[in-house]
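Written below as structure tokens is the structure these notes are about.
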Amino acid sequence: MESKRGRLRGLMDSVANWPAVREIASLGMGPEAISEHTRRWQARILDADEKVVSVCPYCAVGCSQLIYVKNGSIIDIEGNPSSPINQGTLCPKGAATFELLSNPNRLTTVKYRAPYSDHWEDRPLDWAMERVAHLIKETRDQNWEEKNEKEEAVRHTTAIASLGGATLDNEENYLMKKLFTGGLGMVWIENQARI
């Protein structure tokens, strides 16, 4: 009888050491849930040279971010837990800021495709800014309305519109509104944050 109990105890001890049984017994939260490969992992921010506090570029909320730098390159970006605004959390866009900066497919030059062309060309930023300014001025001059059909002074153009981004703050929106309505006579001015 004693040897039967001994064999049964040995069998139970053996079964208790099976990985699946250990995982079920600890609800998958014990040491058996961690492999040797996983034990060697470490956070990529552990060996960062520098931690810089910054602000998320995506909207006017101003969520604080921690940017970790190693050898002059950004290695990670996360929410800042000491910020009263976001308390360490980030929206999906803010959480993807690192990908915005590190994605090898990100365009970093001005691309231009001439009318009827079948390919894109790289152009300097100064050229692109001059081109945009020239086209705005040309469109405004061609479509300027001094008076409406009732002979009332309107002094505007409806041929140009502006759609501002949510990253613009109140001061930037104020200046854009002044420039676009007062300076250029634009009527259609909208902001992405309202849509």
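Tabulated data for the structure shown
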read-out	value
Karplus (6.51, -1.76, 1.60) ³J(HN,Hα), θ = phi - 60°, over the stretch 146-152, in Hz, Gly and Pro reported as x	7, 9, 8, 5, 8, 6, 8
Share antiparallel - DSSP beta bridges, the chain, percent rounded to 5	75 percent
Residue order, fewest to most surrounding Cβ atoms within 10 angstrom, among R140, R40, R123	R40, R123, R140
Student exercise, the stretch 80-173 dipole from Lys, Arg, Asp, Glu Cβ charges, in Debye to nearest 20	340 debye
For the stretch 34-103, convex hull volume per residue from C-alpha positions, Å³	118 Å³
MRE, 222 nm, helices only [DSSP H, n ≥ 4, -39500 (n - 2.57), over the chain, to nearest 500]	-9000 deg cm²/dmol
Rounded tilt (10° steps) of 2-16 against the dominant C-alpha axis of the chain	10 degrees
Cysteines without a disulfide-compatible partner [the chain; Cβ-Cβ under 4.7 Å]	C59, C91
Simple Cβ-charge dipole of the chain, Lys/Arg +1 and Asp/Glu -1, about Cα centre, in debye nearest 20	980 debye
For the chain, with +1 on Lys and Arg beta carbons and -1 on Asp and Glu, the positive-most of A166, A43, N71 along the dipole	A43
Rounded to the nearest 20 debye, dipole of the stretch 39-88 from Cβ charges on Lys, Arg, Asp, Glu	220 debye
Long-range HN-HN contacts of G165 with modeled amide H, under 5 Å	Q192
Residue (of W18, G182, P124) at the positive-pole extreme of the chain, dipole from beta-carbon charges	W18
Correct choice for Cα extents along the principal axes in Å that was computed from the model, options [x] 114, 37, 35; [y] 102, 41, 27; [z] 43, 40, 33	[x]
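Rule-based calculations on the coordinates, nothing more; no lab input. This structure is a prediction, so every number in the text was calculated from the model and none was measured. Glycine also receives a Cβ, built like all others from the backbone with ideal geometry; neighbour counts cover every protein chain displayed.
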